[in-house]
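Peer 1: Supplied in structure tokens, the structure appears directly below.
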Amino acid sequence: MKKNREMGAKFMLLEELIKSAEKKAGAEGLDKGRMEGISKERSEEQNRYSGLILRLAKDGRSDLIVKAASDAHLLDALYQEYKL
């Protein structure tokens with residue numbers, strides 16, 4: 001009987017350790033996924049902005065590049081104008 005109780009306690013401890021490790025691994029996976037998502041969003045936004053700059057330069061509207069960099073409303077309007 002005593003050995004069964006000791007064994008039961010050891011299994012319960014093992015189960016708690018496994019659950020804790022799974023929880024930690026899940027949290028680490030979520031953090032990694034979030035960071036990868038943020039990185040992807042930044043890359044996409046950078047490509048979008050670079051595309052706008054190139055198109056403004058091509059269209060002879062280089063003066064708007066600096067203005068758009070400091071005016072979020074103008075930047076959004078230019079994205080819509082160029083369908084970016």
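The values are calculated or read from the model by the stated rules, or taken from the named source; none is laboratory data. Values in this document were obtained by computation on a predicted structure and should not be read as measured data. Positions of Cβ are backbone-derived with ideal geometry, glycine not excepted, and every protein chain shown enters the neighbour counts. Calculation scope for accessible area: heavy atoms of the full protein, side chains included, ligands and nucleic acids excluded. Shrake-Rupley method; radii C 1.70, N 1.55, O 1.52, S 1.80 Å.
Peer 1: Taking all protein chains as present, what is the carbon and sulfur share of the accessible area of the chain, in % to the nearest whole number, probe 1.4 Å?
Peer 2: 58
Peer 1: Per residue, how much accessible area does the chain have with a 1.4 Å probe, in Å²?
Peer 2: Computed with neighbouring chains in place, this is 87 Å² per residue.
Peer 1: I'm spelling it out carefully: the read-out is Cα Rg over 2.2 N^0.38 Å, the candidates are (i) 2.30; (ii) 1.18; (iii) 1.08, and one was derived from this structure. Which label?
Peer 2: (i)
Peer 1: Using a 1.4 Å probe and ignoring any ligands, DNA or RNA, find the accessible area of residue 24 and quote it in Å² to the nearest 10.
Peer 2: 130
Peer 1: Suppose every Lys and Arg Cβ carries +1 and every Asp and Glu Cβ carries -1, with no other charges. What dipole size does the chain come out with about its Cα centre, to the nearest 20 debye?
Peer 2: 540
Peer 1: Extending each Cα 7 Å along its Cβ direction at residue 32 and residue 72, get the distance between those two points in nm, one decimal.
Peer 2: Result: 3.3 nm between the two label points.
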